[in-house]
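S.K.: Here you go, one structure.
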Amino acid sequence: MSKSGSRASWRGQLSPVGIVIGCVGCVIITASSVYTALKMGALPWPTIFTSIVALFLLRAFGRRSLNEANVTQIVMSAGSMVAGGLAFTIPGIWMLGLADEVGWVEMLVVALSGTLLGLVCTAAIRRRFVDESDLEYPIGTAAAETLMATKTGGVTGRRLFGSMGLAGLWCVARDALGWMPALVAQLPIPGVSFAIYNSPQMLSVGFLVGGFAVAFWFLGALVGNFGIITGGSAAGLWDVATAQGIVSSLGMGIMMGSGVGVVLKDILPHAARMLRGRRTPGEKDEGAGAAATSGWSRLERGTLALMVAAAALLVCIGLGLGPVVAVVVVLLAFVTTIMSAQSVGQTGIDPMEIFGLIVLLAVAAFSNASQVQLFYVAGVVAVACGLAGDVMSDFKTGAIIGTSPRAMWVGQAIGALLGTVVAVAVLVTLFSAYGPGAFGSGQMFVSAQASVVATMVSGIPSVPGFVIGLLGGIVLYWAGLPAMMFGLGVYLPFYMSLTAALGAGVRWVYERVCAARGVEDSEEKGVVVASGVLGGESIVGVVIALASVVGGLTG
């Protein structure tokens, strides 16, 4: 394919109609994401929802390209994770009574810095973590299945949209009507949130990931909750509160060590090739296949370098953190976005505020940054990691259906930059309307993640636990074991890990029943249904979020 033909191909997927539709949707989705993250302490992935909406709206204009719909939904959904990165960190400043020290300018600088870093890092790691890896990216896979089902129809479409509808109705009954609790089978075990998460989405994540990875995830949950908290407390080694601090520190350390291991083992040896944008052996020109990309031009490499420099200057001057801290934040943002890509690729979960906390604690260990500036650091990294998780999932969708990586990245840039403005505007509006007292435990906006950040600003609960986890994460990854999964199991509430393990168990039983009956294409059928289940809860979660925004602003 000629260079001009390749250029025309990716620009055709990023159409003016798609950009306009995507930008309008981005404003709505980003606003709802801020409200949902503050109100519910959660942020449902909007990708499935925006994929269907984009396809529907484009067809109203006579356009039926799946790739154009994919790029349009990317623009539409990009701002949601920027919103999450801000909402999961900045309100902690207000909870500590420091509201006078932060304004909309600082929030905008935080969001813009994180967005620039997230975009650059994903451009650098896309080939390694999508084209050259076997990561599942369950959200991206589900989005691709949804788009393809709208084209193929028939039995596949009925399976996907039927399971999507059932999961959506289940979510309505649970969240909108209150007919079911979010947690079932709870047991009163001190320090352990033992329960089954009443979430079709989490079950489908376990089903899609399955196998050894989920087993390691659940092993981490058992070690953290029943080994350290229950076992250690029963043995008199520490009390429950101390044990919980050890577990959170150990989990963060393992995840950080996993990210460091990826950099040392997989990124640095190939850094020169990645930065030059060289093709891997056998790779074709862009547009000839799902994984095909052309090398970066000199202009594109220069643009990425300028984006890094701009982010560093914003952190250094705009947030007053100084050159040394700015360099550290940029470098660790690269490490944590890798961790985010790996986490989302394996589980569909992006604990962006945890990655922000890791860098916050690292900066606090060697600098004299103020508490408010530490929140800024956490915010920058959380935004970068949130955006990275979304970008990498979208790249997976594109790899499956053949969308141009360049068109997707440009679409992400458009949506993310618009999202920074919208997210800050909504956050400032809510703060102005309800005041700092409306944020925190038991208040109108629970802001659970920001509350955790506010607690951790004072330091790592267990430095030895964090150091052990850091070294252990590096060793586990170097040994070829899923260290990130183990760290997530240690850190996340037990009910999430247990539910994912149940989903993996369902897949194990399903595969054996299908094998005994000689069912053909059983794996494809299972993936389609699980993707529909995952998408149903995602879509309804976004719809409920939109309704909450309207109700909250008019009530």
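S.K.: Residue under question is residue 100, and the condition is that it be in a helix (DSSP H, G or I), open to solvent by 20 Å² or more (accessible area, probe 1.4 Å) and without any contact (Cβ under 8 Å) to a residue 60 or more places away in the chain; does it hold?
M.R.: Values: in a helix (DSSP H, G or I): yes; open to solvent by 20 Å² or more (accessible area, probe 1.4 Å): yes; without any contact (Cβ under 8 Å) to a residue 60 or more places away in the chain: yes.
In short, yes.
S.K.: For residue 63, only one of the following conditions fails: (1) open to solvent by 20 Å² or more (accessible area, probe 1.4 Å); (2) touching a residue at least 60 places away in the same chain (Cβ under 8 Å); (3) of a type outside the set (Phe, Trp, Tyr). What is its number?
M.R.: (2)
S.K.: Tell me which residues, restricted to the range 184-200, are in a strand (DSSP E or B) and either more than 13 Å from residue 230 (Cα to Cα) or touching a strand residue (DSSP E or B) at 6+ places or on another chain (Cβ under 9 Å) (or both). Reasoning before the result, please.
M.R.: Of all residues in the range 184-200, those in a strand (DSSP E or B) come to 184-189, 192-197.
If the condition is that a residue be in a strand (DSSP E or B) and either more than 13 Å from residue 230 (Cα to Cα) or touching a strand residue (DSSP E or B) at 6+ places or on another chain (Cβ under 9 Å) (or both), then 184, 185, 186, 187, 188, 193, 194, 195, 196, 197 are the ones that fit.
S.K.: Select from the range 300-341 the residues that are polar (S, T, N, Q) and either touching a residue at least 12 places away in the same chain (Cβ under 8 Å) or at positive phi (or both) and write down the one among them that is surrounded by the most Cβ atoms within 10 Å (Cβ to Cβ). Talk me through it step by step, then tell me what you get.
M.R.: Initially, the range 300-341 is screened for residues polar (S, T, N, Q), giving 303, 336-337, 340.
Then drop every residue that is not either touching a residue at least 12 places away in the same chain (Cβ under 8 Å) or at positive phi (or both), which leaves 336-337, 340.
Numbers: 336: 29, 337: 32, 340: 34.
Applying the filter and picking the extreme gives 340.
S.K.: Does the range 119-130 contain at least one residue that is open to solvent by less than 40 Å² (accessible area, probe 1.4 Å), in contact (Cβ under 8 Å) with a residue 12 or more places away in the chain and in a loop (DSSP other than H, G, I, E, B)? Break it down stepwise before answering.
M.R.: The first filter runs over the range 119-130 and keeps only residues open to solvent by less than 40 Å² (accessible area, probe 1.4 Å), leaving 119-127, 129-130.
When the remaining residues are screened for being in contact (Cβ under 8 Å) with a residue 12 or more places away in the chain, the result is 119-127, 129-130.
Those left that are additionally in a loop (DSSP other than H, G, I, E, B): none.
Within the range 119-130 (the criterion being open to solvent by less than 40 Å² (accessible area, probe 1.4 Å), in contact (Cβ under 8 Å) with a residue 12 or more places away in the chain and in a loop (DSSP other than H, G, I, E, B)), the answer is no, since none of the residues qualifies.
S.K.: Got a sec? Which of 531, 497, 538 is at pLDDT 80 or above, open to solvent by less than 50 Å² (accessible area, probe 1.4 Å) and on the phi < 0 side of the Ramachandran plot?
M.R.: Details: 531 fails: at pLDDT 80 or above; 538 fails: at pLDDT 80 or above.
Just one listed residue meets the conditions, 497.
S.K.: What is the number of the single condition among (1) farther than 24 Å from residue 20 by Cα; (2) surrounded by fewer than 23 Cβ atoms within 10 Å (Cβ to Cβ) that residue 380 does not meet?
M.R.: Just one mismatch for residue 380, condition (2).
S.K.: Then there's this: On the basis of being touching a residue at least 12 places away in the same chain (Cβ under 8 Å), part of a loop (DSSP other than H, G, I, E, B) and either buried (at least 22 other Cβ atoms within 10 Å of the Cβ) or not acidic (Asp, Glu) (or both), does residue 358 make the cut? Don't jump to the end; show me each part of the working.
M.R.: Values: touching a residue at least 12 places away in the same chain (Cβ under 8 Å): yes; part of a loop (DSSP other than H, G, I, E, B): no; either buried (at least 22 other Cβ atoms within 10 Å of the Cβ) or not acidic (Asp, Glu) (or both): yes.
Taking the combined requirement at face value, the residue does not satisfy it.
S.K.: Has the range 404-413 got at least one residue that is basic (Lys, Arg), modelled with pLDDT of 80 or more and closer than 25 Å to residue 497 by Cα? Give the steps one after another, and end with the answer.
M.R.: Here is the first cut: in the range 404-413, the ones basic (Lys, Arg) are 406.
Retained after the next criterion (residues that are modelled with pLDDT of 80 or more): 406.
Still in the running and closer than 25 Å to residue 497 by Cα: none.
Looking through the range 404-413, none of the residues is basic (Lys, Arg), modelled with pLDDT of 80 or more and closer than 25 Å to residue 497 by Cα.
S.K.: Quick one: is residue 133 open to solvent by less than 10 Å² (accessible area, probe 1.4 Å) and of a type in the set (Ser, Thr, Tyr)? Explain how you work it out, then say what you get.
M.R.: On the way: open to solvent by less than 10 Å² (accessible area, probe 1.4 Å): no; of a type in the set (Ser, Thr, Tyr): yes.
Taking the combined requirement at face value, the residue does not satisfy it.
The values are calculated or read from the model by the stated rules, or taken from the named source; none is laboratory data. Everything numeric here is computed off the predicted structure, so don't read it as measured data. Cβ sites come from the backbone with ideal geometry, for glycine too, and all protein chains shown count toward neighbours. Heavy atoms of the whole protein, side chains included, go into the accessibility calculation; ligands, DNA and RNA do not. Shrake-Rupley method; radii C 1.70, N 1.55, O 1.52, S 1.80 Å.
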